[in-house]
1. Tell me the label-point distance for the pair His107, Asp324, using the 7 Å Cα-to-Cβ offset, in nm and rounded to one decimal.
2. Could you run the Karplus curve 6.51 cos²θ - 1.76 cosθ + 1.60 with θ = phi - 60° over region 157-173 and give me ³J(HN,Hα) per residue in whole Hz, x for Gly and Pro?
3. How about region 5-89: which trypsin sites (Lys or Arg not before Pro) there are in a DSSP loop, with at most 16 other Cβ atoms within 10 Å of their Cβ?
4. In whole angstrom, and with the biggest value first, how far do the Cα coordinates of region 443-550 range along each principal axis?
5. List Cys345, Cys190, Cys493 from most exposed to least, where exposure is judged by having the fewest other Cβ atoms within 10 Å.
6. Note down the relative contact order for region 346-439 as a percent, whole number, built from C-alpha pairs under 8 angstrom at least six residues apart.
7. For region 242-307, run through the trypsin sites (Lys or Arg not before Pro) and keep only the ones in DSSP coil with at most 16 other Cβ atoms within 10 Å of their Cβ.
8. Taking the Cα centre of the chain as origin, work out the dipole magnitude from +1 charges on Lys and Arg Cβ and -1 charges on Asp and Glu Cβ, in debye rounded to 20.
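Coordinate-derived values only; no laboratory data. Not measured: the values here are computed from a predicted model. Heads up, the Cβs are rebuilt from the backbone with ideal geometry, glycines too, and the neighbour counts pull from every protein chain shown.
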Amino acid sequence: MYQHVHSPLPGQMMRRPLLISSILRHADRHFGDREIVSRQDDGSLHRYTYRDCHSRSRKLAGALAAMDVRMGDRVGTLAWNGHRHLELYYAVSGSGAVIHTINPRLHAEQLAFIINDAGDQHLFFERSFAPLVKSIAPRCPNVKSFILLDRDAAGIEGIPRLVCYEDLIAARDDDYTWPVFDEDAASGLCYTSGTTGNPKGVLYSHRSTMLHSYASVAPDMLNLSARDCVMPVVPMFHVNAWGLPYSAALVGAKLVLPGPALDGASLHELFEREGVTFSAGVPTIWLGLLNHVRGNGLRFSTFARTVIGGSACPPALMDAFRDDYGVQVIHAFGMTEISPIATVCTLQAHHAALPPAEQRLLLQAQGRVPFGVDMKIVDDDGAELPWDGQTFGHLMVRGPWVVDAYFQQPPGSAVVDGWFPTGDVSTISADGYMRITDRSKDLIKSGGEWIGSIDLENIAMAHASVLQAACVAVAHPKWEERPLLVVVRKPGCALERDALLAHFEGKVARWWIPDDVVFVDSLPMGPTGKVQKNRIRERYRDHLIKTTSENRGQTPRV
């Protein structure tokens, strides 16, 4: 823990609070003509500039004040990546209220719980979510108004206290003056995906968001500049689109917001039309894009690099983008609780002398921390473990954009001795590169020894006939648990169990090789694009018990 000591001689520099409104004001002043492009529900493109965005955000902030939205009040959003959502990002937080971005992929009960738990005063929503809002409105009695993000409310029925967004700001002038307040004031609220129990809120501050934005644009992080065209494919309801709506404006990059159409064809068309140079998203999105460009003989004209996070990126996917299309894949790690960036994987100067194969292996790690974040690994008793690249332990992080407590919980309740336990099992190399070996809950304990599921999934994904793979622990009559592979074949491929298991020979210890393979049409996906291993484990937990009569899974390979 830090010990605060008051100096007898304080510095004499200006005291200017770090506030989110200053980002948009800076973008207007220095990059006012830089374009912001949004694809709307009907497929049309909306174009305007940072100057326009600043003007409309001030109008919206004035409208919120007229609605009696006060400092600290929560304002919810159910919206895709678009220009109105961007205006909400700045207007709500800039005025001193708290923007609460809500994942519309959650089921109705969770949505109602989140809105009520957050205490949302107003809810802004896209037209495509009108049926969802209609279903949950009766369960959200404290929401004062539901604001449709559109020009008119034609065709929207059954939603109480309905207001149209454009009507809301049409009567306002853009002479609103951004207030100045404490940088530690809350700015945004995001909830975890709630795979085990109810979702938990993470309350960001202006200070934490600004410091995260500063760190993320650095050369060894996302390396963003005014020369870039940035398209956040990761949704703006998922940890603030990994901070890109802030960091793009911070450096004056062109910003492209893709709306709801995130299929490979739609993304590639927008990449090419708008000259996108940088993007970000989860592995499943990039897998869909890769399959589209491969299947149609397409290339990328400007797309140079992408950051992939949310879950481990299969090395085969990284290699395909780099080798076949010249796109640099940047591996990163983060969480809702870490704003989200904790590590980014880029090479250091002394790595230039490494053979290409060793460089590739290193770039498969989750990477190293930026200044501001610290990390360590510990054993089950909390003792710190060595950074040798081999010893794995529970990953702990701390820093100015790391959660201290969940929303409405006591200070410090989310941390252990000042460190936040991420729930990941990792190694850290001598030069600070962290590599996740598994989530704590996904480790497989076979005969008292641990097996990491991520390594097995990556090997399976490297097979030419595998589209997706998940590896889970299932019960075994002798070894307690054994690994089971659940696989989606690529279209037209006739891959069989024994051929896939033979693919593991020589790549891992024989006792690590999965006992069986189940082929499925698709894997269950969660609301943030991650494979839901808990559902797979539940479905197949007795798979090896049931197949013992067929002499499968009797003993691990030795």
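1. Simple spin-label model gives 3.7 nm for this pair.
2. Whole-Hz 3J(HN,Hα) from phi for region 157-173: 10, x, 9, x, 6, 7, 10, 9, 4, 5, 5, 4, 9, 4, 8, 9, 8.
3. Numbers: sites: Arg15, Arg25, Arg29, Arg34, Arg39, Arg47, Arg51, Arg56, Arg58, Lys59, Arg70, Arg74, Arg84; in loops: Arg15, Arg34, Arg70.
The qualifying sites are Arg15, Arg70.
4. For region 443-550, the Cα spread along each principal axis is 37, 34, 26 Å.
5. Working: Cys345 23, Cys190 26, Cys493 11.
Taking fewest neighbouring Cβ atoms as first place, the list is Cys493, Cys345, Cys190.
6. Numbers: 157 pairs, mean separation 26.2, N = 94.
Rounded, it is 28 percent for region 346-439.
7. Values: sites: Lys254, Arg273, Arg294, Arg299, Arg305; in loops: Arg299.
Sites meeting the loop and neighbour criteria: Arg299.
8. Numbers: 55 positive and 61 negative charges, 98 e Å.
Roughly 480 debye, rounded to the nearest 20.
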